Amino acid sequence: MMLDFIKLEYLKYKKNSVVTMLVGFYFLFFPFVIFFGQELKVNLPDFIPNKNVFFEFPTVWDYFGYAGSWLVFFFLGVSVIYMTCMEVTNKTMRQSILNGFSRNDFFISKFSSALIIAIAATIYYVLIVLLVGFLNTDNLMFEDVYENQWSISRYFLMCMGYFCFALFLAFTIRKSGLAIFLYLSYIMIIEPLIRWAGHMYMFKHESAMWYPMNAVEDLMPMPIWRFTEALPEQDIPFDFLLSYKLAIGLAILFSSLFIFLAYRSFSKRDI
C-alpha cells in the first residue's frame, strides 16, 4: 500500500515547479558546496594539517555530512512543509478524503513522501562522498572508507529529524508561509535563544543541549568542533556537543514525538 501512496505523491508533484526547484537545488548544490572552501585563502588551525581532510577518507564523511545538513535543513525541509500545506491551500486534502482516502491514508502518504526524500538524500550523500573520497585519498585503505560508516545512519536520521519537525508544523499550522517562517525561525533563532539566553542563564547544566533541533544538528556537527582547541570560549561545565549515542537517542525520541503530535493535530481538526 505504501508503494501506491508513494506513486500517487510522485504524480502529484513531479511537475510542481516549487518542489522541483527545492529538491533540485539540494542535488545540484551538494556536490559543490564544500569545494568553495578549497578556494578560501585562510589559515587552518594547527590541528588540521591541510584542506585535504575535507575530501579524503575517512573525514570526508563528516565534512560532507555537515555541509549537506544545511541543504537538507533549508531546501528539503521547506519542500516537505510546502508539499503538505499545498494540499490544504488547493483543497486537495479534502478532495482526497472525500474520494475515499481515510485520514490515516492521507497522513501516511505525506510521511511516505518525507521518508522517500530522506532515503534519496542519504543515497546521494553516500554516492558523492564515495566519489570525492576515492578521487582525493592517497594510499587508500579499505578500512578508511568504512571507518565512519555510522555517518550514513546519522545522516538519514538527521534528514528525518528535520522532516518530522516540518510535518508537525505543516499539519498544525496549515499555512505554508507561516509554517516555513516558524520552521526557519525556530531552528536558527528561537531554540538557540531559549537554550543559551534562557536555559543556560538559569541552569548551567548539560540539559541545555538536549533540545530537539540541537540533537538533530549534533548528528552531523561541524567536525572541527570535536577538537577542544576549536571550541568557542565559553564557561560551561559540560561538552559543547552531544555524544553521537545521545544525539541519536534524542533525535529518535523527538522525531517520534513530532510525528505523534502531527497525526494528533490532523486527526482532531476539520478537513
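Bear in mind these aren't lab numbers, they're just calculated from the coordinates by the rules spelled out. Quick caveat: nothing in here was measured; it's all calculated off a predicted structure. With ideal geometry, Cβ positions are generated from the backbone for all residues, glycine too; neighbour counts draw on all protein chains shown.
Laid out as a table, the results:
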| item | result |
| --- | --- |
| Hits in the range 112-149 (condition: touching a helix residue (DSSP H, G or I) at 6+ places or on another chain (Cβ under 7 Å), under 25 Å from M213 (Cβ atoms) and in contact (Cβ under 8 Å) with a residue 40 or more places away in the chain) | S112, S113, A114, I116, I117, A118, A121, Y124, Y125, I128, V129, N148 |
| Filtered residues of the range 116-132 (kept if out of contact with any Cys (no Cβ under 7 Å at 6 or more places or on another chain), more than 27 Å from Q95 (Cα to Cα) and surrounded by 21 or more Cβ atoms within 10 Å (Cβ to Cβ)) | Y125, V129 |
| Neighbours by Cβ (under 6 Å, 6+ apart or cross-chain): first from the range 68-97, over 30 Å from M222 (Cα atoms); second of a type in the set (D, E) | M93/E87 |
| Subset of the range 131-152 [in contact with a Pro (Cβ under 8 Å, 6 or more places away or on another chain) and among the polar types (S, T, N, Q)] | N148 |
| Only one of S153, S113 that is within 20 Å of the chain's Cα centre (by Cα), under 21 Å from A251 (Cβ atoms), loosely packed, with under 14 Cβ neighbours inside 10 Å and among the small types (G, A, S) | S153 |
| Helices (runs of 4 or more DSSP H) (entirely within the range 123-232) containing at least 3 residues that are more than 15 Å from F74 (Cα to Cα) | 142-145, 150-173, 212-217 |
| Residue match in the range 84-91 (condition: out of contact with any Phe, Trp or Tyr (no Cβ under 8 Å at 6 or more places or on another chain), surrounded by 22 or more Cβ atoms within 10 Å (Cβ to Cβ) and either of a type outside the set (D, E) or assigned to a loop (DSSP other than H, G, I, E, B) (or both)) | yes |
| Every pair of residues 6+ apart whose Cβ atoms lie under 6 Å, when the first sits in the range 204-218 and is of a type in the set (G, A, S) while the second is assigned to a helix (DSSP H, G or I) and surrounded by fewer than 21 Cβ atoms within 10 Å (Cβ to Cβ) | A208/R195; A208/H199; A208/M200 |
